[in-house]
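First the structure, then my questions, so here it is.
The values are calculated or read from the model by the stated rules, or taken from the named source; none is laboratory data. Because the structure is predicted, anything quoted here is derived from the model rather than measured. We place every Cβ from the backbone using ideal geometry, glycine too, and count neighbours over all the protein chains shown. SASA here: full protein model, heavy atoms, side chains in, ligands and nucleic acids out. Shrake-Rupley method; radii C 1.70, N 1.55, O 1.52, S 1.80 Å.
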Amino acid sequence: MQKYIFRRLLIGIPVFLSITIIIFGLIEIAPGDITDYFIRPELNMTNEAEEAIRARFGLDQPVTVRYVNWLVNVLRGDLGFRYTNGQPVAATIGQRLSATVLLAGTALIVGSVIGVALGVFTALRQYSVWDFLLTSVSFLGISIPSFVAGIIVLYIFAIKLGWFPSGGMRPVDRDPTLLTTIQYLVLPTFVLSLAPIANFMRYTRFAMLEVIRADYVRTARGKGMPENRITWRHGFPNALLPVITLFGLSLPALVVGAVFTETIFSWPGMGTLYLEAVNGRDVPLLMGMNLVIALVVLVANLVTDLAYAVADPRIRYD
Amino acid sequence: MTDKTTRQPIAVLVTDEDKAKLEKRDDKRALRRFLRNRPAVIALGVLLIIILLTIGAPLIERYRYDAIDLRARASPPNELHWLGTDGVGRDVWSRLLNGGQVSLVVGFGATLIATLIGTVLGALSGYYRGWVDMVIMRITDVFMTFPSIIIMLTLAAMLPRTVWTIVFIIGGLSWTGTARIVRSQVMSIREQEYILACRALGYTDGRIITVHILPNVFGSLVALVTFAIGSAILTEAGLSFLGLGVPPPTPSWGNMLETARNLDILRNLPWMWIPPAIMLVITVLSVNFIGDGVRDAVDPRMVI
């Protein structure tokens with residue numbers, strides 16, 4: 001097991017390095033550099049002066065040197081400073097990360113619990129009206145993009161019915177309490193959990209149907225075991241195993257969904273920050289956020305793999 | 001020492017002609033299975049109607065999509081403007097039809113590019129294996145782990161924005177699924193005896209791959225390609241919704257939806273954003289239903 005963890009960690013290193021190359025390369029192929037951002041055309045800079053500035057910031061060095069310098073800084077935890085307001089990138093990301101973790105975490109928990117429950121429910125009633133209905137709804141859930149769902153939910157529940165606030169994270173005039181936080185959290189969580197609910201349901205339903213037909217379930221039935229006990233003791237735990245991988249798999253989609261959901265509900269998290277960075281051409285912030293997102297996804301995949309290995313003793317570690 | 005029977009040429013059990021017949025019958029069977037799938041057939045009809053409407057936009061529209069009528073700004077649907085007008089008095093019906101053109105061009109164009117890249121990389125990977133396979137598959141892994149829309153957002157912010165940049169950005173980043181499927185198919189096909197025969201006849205690798213392997217791979221790609229069109233349409237709409245896709249005044253369903261980010265428009269002027277939302281959902285639902293039907297028809301045992 002220790003060997004497996006060690007090897008899995010080792011595989012992560014080249015993947016992480018390739019991602020840093022992509023992140024750096026994306027900015028590199030874009031036209032222009034930092035001098036275009038800070039030097040106004042009306043300053044009438046001479047070319048020599050511009051070159052002097054480039055030299056001062058090390059921009060005249062070859063790509064590889066600049067990449068290694070950047071990587072070393074990143075590994076030290078120094079993500080640089082924002083172009084737009086000069087604040088440190090790492091601190092800015094830190095502030096916004098918690099809001100997104102709250103939103104996306106709640107959505108993933110809600111989505112997986114409801115999705116797994118519905119998956120088992122429909123699998124036990126294959127071809128029934130319920131099965132047909134819920135499978136169709138999950139098909140809708142996968143097909144409707146989060147920004148359309150978000151707008152519709154916002155329109156109906158916040159604007160027409162007025163049940164929930166239309167955006168933001170806390171009231172302006174009062175201190176946030178648990179109750180207000182939940183009020184503000186309901187709509188964005190609902191929108192963001194639609195895709196996980198549908199995915200977890202389809203996955204669980206499929207896994208459950210597969211398990212129910214297994215030989216050992218027939219044996220259990222043949223021994224006269226009560227149906228309830230077969231389902232929950234023999235079927236469910238085994239069906240749940242492949243579902244574990246879905247946690248890691250659904251993370252990239254969750255990040256993307258968060259960008260849209262946060263935009264629609266003005267949630268002050270990573271998604272809205274990312275758009276700020278894109279619209280302001282805030283290159284250091286963009287690179288920093290790309291890096292953090294990549295790290296989160298990588299770590300989540302790692303944890304998923306390890307959790308799967310722990311949960312399923314049939315997996316060989318060597 | 002030599003036995004007569006073993007020296008006889010291996011009996012040709014299945015001639016090429018038989019094989020062609022079998023394949024044809026298989027295709028027919030798949031087609032019949034698809035036609036029996038009622039939701040998929042209805043969806044195909046709906047999609048054809050949408051395609052006809054958007055292509056025929058110049059014939060059906062009553063105003064040009066970028067014609068500004070400042071006297072009729074934000075007017076609700078009436079007999080002049082069937083679906084009303086937007087904030088600067090452009091006809092929503094006309095923008096809806098023309099926006100559909102953009103969505104479909106991006107959907108098909110991006111999928112074509114993605115399929116080309118995915119097929120080439122997958123074929124190289126599966127045919128040559130070894131270090132070629134190693135390198136290509138590791139690259140694929142990296143692109144699969146990293147949410148591609150994030151890279152798209154960064155690129156969209158950096159590059160000049162036109163419909164074609166969007167097509168290339170989306171196409172250039174959505175080839176991973178195709179590459180994996182083509183790779184696994186090519187890997188199993190290259191072990192078959194007729195490929196050995198091709199090699200014995202001295203055919204070049206390029207000819208073996210393009211003429212003898214890839215045609216047999218495409219069947220397994222049809223469903224994936226169909227789903228890819230739907231997801232490319234959604235990606236374009238998403239980018240445009242965030243203001244990073246197709247730039248105005250060119251309409252697209254996504255940038256028409258973007259107006260709904262304004263709470264005032266969302267609340268009071270629903271005719272500006274409900275039509276593109278409905279069209280987008282109908283189109284993507286149709287594409288997904290067709291994809292489901294194709295998958296079930298081609299390979300009933302396939303999951304996802």
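Hull surface divided by four, with the convex hull built on the Cα atoms of region B:74-149: how many nm²?
7.1
Set the Förster radius R0 to 60 Å, insert the Cβ-Cβ distance between A:VAL68 and A:ILE182 as r into 1/(1 + (r/R0)^6), and round the FRET efficiency to 0.05.
According to the calculation, E is roughly 0.80.
Right, something else. Rank B:VAL287, B:VAL41, B:VAL182 by mean-square fluctuation in a GNM of chain B with C-alpha springs under 10 angstrom and give only the top-ranked residue.
Comparing B:VAL287, B:VAL41, B:VAL182 in a Gaussian network model of chain B, the most mobile one is B:VAL41.
Can you list the HN-Hα couplings for region A:135-151, worked out from phi with the Karplus curve (6.51, -1.76, 1.60; θ = phi - 60°), rounded to whole Hz and with x for Gly and Pro?
So the Karplus estimates, Gly and Pro as x, are 5, 5, 4, 5, 4, 4, x, 7, 7, 7, x, 5, 6, 6, 4, x, 5 Hz.
Here's something else I'd like to know. Any idea of A:GLU210's accessible area? Nearest 10 Å², probe 1.4 Å.
110
For chain B, what value does the Rg/Rh ratio take when both radii are computed over Cα atoms and Rh is the Kirkwood radius, given to two decimals?
For chain B, the value is 1.11.
Please compute, for the alpha-carbon atoms of chain A, the extent along each of the three principal axes and give them in descending order in Å.
Principal-axis extents of chain A (Cα, largest first): 89, 58, 34 Å.
How far, in nm, would the chain grow between A:ASP215 and A:ASP131 when pulled straight, counting 0.36 nm per residue and subtracting the alpha carbon separation?
Result for the pair: 27.8 nm of gain on full extension.
Under the rule of at least 5 residues apart or a separate chain, name every residue whose amide H is placed under 5 Å from the amide H of A:PHE81.
A:VAL89
Label point 7 Å out from A:ALA307 along Cα-to-Cβ: which residues of region A:239-278 have amide N under 20 Å?
A:239-258
Quick one: if the Förster radius is 22 Å, what FRET efficiency do B:ILE55 and B:SER220 give, using the C-beta to C-beta distance and rounding to 0.05?
0.15
Could you give the accessible area per residue of region A:75-193, probe 1.4 Å, as a whole number in Å²?
I get 53 Å² per residue for region A:75-193.
For the protein assembly as shown, report the convex hull volume of the alpha-carbon atoms normalised per residue, in Å³, without decimals.
255
Please compute the average number of Cβ atoms from other chains found within 10 Å of each residue's Cβ in peptide A:262-269.
Partner-chain Cβ atoms within 10 Å, mean over residues of A:262-269: 1.
Now a separate question. Once you compute Rg and the Kirkwood Rh from C-alpha atoms, what is the Rg to Rh ratio for region A:192-299?
Rg/Rh: 1.24.
Which value in deg cm²/dmol, rounded to the nearest 500, describes the helix-derived mean residue ellipticity at 222 nm for chain B, given -39,500 (n - 2.57) per DSSP H run of n ≥ 4 and division by the residue count?
-22500 deg cm²/dmol
What is the packing order of peptides A:89-95, A:254-260, B:119-125, taking the mean over residues of other C-beta atoms within 10 Å and listing the highest first?
So the peptides A:89-95, A:254-260, B:119-125, ranked by packing, come out A:254-260, B:119-125, A:89-95.
Right, here's the next one. Mind listing the phi-derived Karplus ³J(HN,Hα) values for region A:244-257, rounded to whole Hz, using 6.51, -1.76 and 1.60 with θ = phi - 60°, and x for any glycine or proline?
Whole-Hz 3J(HN,Hα) from phi for region A:244-257: 4, 4, 5, 4, x, 5, 7, 5, x, 5, 5, 4, 5, x.
In whole Å and largest first, what semi-axes does the C-alpha gyration tensor of region B:95-227 yield when each eigenvalue is scaled by 5 and square-rooted?
33, 17, 11
Which one, A:ALA239, A:ALA104, A:ALA158, has the greatest fluctuation when you compute a Gaussian network model over chain A with C-alpha springs under 10 angstrom?
A:ALA158
B:SER75's amide H: which non-local residues (gap 5+, or another chain) put their own amide H closer than 5 Å, with H modeled 1.01 Å from N in plane and none for Pro or chain starts?
For B:SER75, the qualifying residues are B:THR85.
Across the residues of A:131-143, average count of Cβ atoms on other protein chains within 10 Å?
2
Can you tell which of A:ILE156, A:ILE144, A:ILE197 shows the greatest fluctuation in a Gaussian network model of chain A with Cα springs below 10 Å?
Sorting by GNM fluctuation, first place goes to A:ILE156.
Still on this structure: ³J(HN,Hα) across region A:99-104 via Karplus (A = 6.51, B = -1.76, C = 1.60, θ = phi - 60°), whole Hz, x for Gly/Pro?
4, 5, 4, 4, 5, 5
Measure off 7 Å from each Cα along the Cα-to-Cβ vector at A:GLU51 and A:ASP175, then give the distance between these two points in nanometres to one decimal.
Spacing of the two 7 Å Cα→Cβ label points: 6.1 nm.
Averaged over B:154-167, how many beta carbons belonging to a partner chain fall within 10 Å of each residue's beta carbon?
Going residue by residue through B:154-167 and averaging, the value is 3.
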